[in-house]
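Visitor: First the structure, then my questions, so here it is.
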Amino acid sequence: MKRLCSLLGMTVLFMTICVSSAFAQTETYVAIGDSLAAGQTPYKEIDVGYSDLIAMKLSSIDQLSFYTKELAFPGFTTADVLERIRSEEAQNLLANATLITISAGANDLLRLVQVNPNAGTLAFSQLQADYALNLARKNMLSILDELEERAPKAKIYVIGYYFAYPTVHPTQKEGTNAQLVRLNTILQQQAEQAGAAYINVYDAFGLNATNYLPNSADVHPNIEGYRQMANSFLQVYSGSDALNISSAELPKPNPKSFEEILKQQSSAKPQKQNVTQHQSPRMTYVIQGFPGYKAFIKYI
């Protein structure tokens, strides 16, 4: 039995080494987007999100040289993301990025959904949803066009979305789920047309993922949900399951309230991070909180 366990361990190690050695360069990873990219918890705090877990895994195989989620802010729509990547603050980060993930589009749609968690009901206007989805399509096209120009060295991954209302009555799920499927289809089409990769997270959640979405009054996943999202990315990124993150690898929860992050950012000395082609970038891996919190406090 010990011999079998040893052989299995060596096999996993060998597969991980092979995956790591298959990459030509370490990654300069920039996470862009909304609260999912930022790591918002189901209880209006910031902790480990899918982008942090991706960075953690890449770092564990010496495949990460720089990571930031400074361009990820809770509440951002596709229009906000487009404005953010055009900002002066984003210029250097994008110019040197080799890996970019984007979460954008859900806030365009879900802010139109009226939820009554006690009654288990959902309501939305189809006309408003059609308009929002068309706007998301146009903005995502612009986002990917901008990134092609501003991040010429980056491989771009567009992250899809999960069904966010598992606790509502089954008869209430069909209409809202149909709109979410339309959003994911738009994101996939825009990604593929731009030469980017699309990450399907919908299948990992399904319609009844209460184990990943524990707060019926909130659409954000717990860390297990974020693990599913990270693994969906890592499978596409590596072409196999070799980099999948297990539950045992997850860091212990250490959520920060928005107020705590604001206080921390206010007291911290600003450190300018410049990365050039002739300079080895300093790895930035801060799971708790992220730079730029002041910029989005007004959206909360």
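Visitor: Scan segment 173-201 residue by residue and report those that are open to solvent by 20 Å² or more (accessible area, probe 1.4 Å) and touching a Ser or Thr at 6+ places or on another chain (Cβ under 9 Å). If you could, list the steps in order and put the result at the bottom.
Guide: So the first thing to find is which residues in segment 173-201 are open to solvent by 20 Å² or more (accessible area, probe 1.4 Å), and the list is 174-175, 177-178, 181-182, 185-186, 188-189, 192-195, 198, 200.
The answer is 200, and nothing else.
Visitor: When residue 135 is evaluated against the numbered criteria (1) more than 13 Å from residue 194 (Cα to Cα); (2) part of a loop (DSSP other than H, G, I, E, B); (3) open to solvent by 20 Å² or more (accessible area, probe 1.4 Å), which criterion, by number, is the only one it fails?
Guide: (2)
Visitor: Continuing with this model, one more query. Name every residue in segment 88-107 that is among the hydroxyl-bearing types (Ser, Thr, Tyr) and within 17 Å of residue 148 (Cβ to Cβ), in order of residue number.
Guide: If the condition is that a residue be among the hydroxyl-bearing types (Ser, Thr, Tyr) and within 17 Å of residue 148 (Cβ to Cβ), then 98, 101 are the ones that fit.
Visitor: For segment 248-262, check the following and say yes or no: at least one residue is in a helix (DSSP H, G or I), without any contact (Cβ under 8 Å) to a residue 60 or more places away in the chain and crowded, with 20+ Cβ neighbours inside 10 Å.
Guide: no
The values are calculated or read from the model by the stated rules, or taken from the named source; none is laboratory data. These numbers were taken from a predicted model, which means no experiment stands behind them. Every residue, glycine among them, receives a Cβ derived from its backbone with ideal geometry; neighbour counts consider all protein chains shown. Protein only, heavy atoms only, side chains kept; ligands, DNA and RNA dropped before computing areas. Shrake-Rupley method; radii C 1.70, N 1.55, O 1.52, S 1.80 Å.
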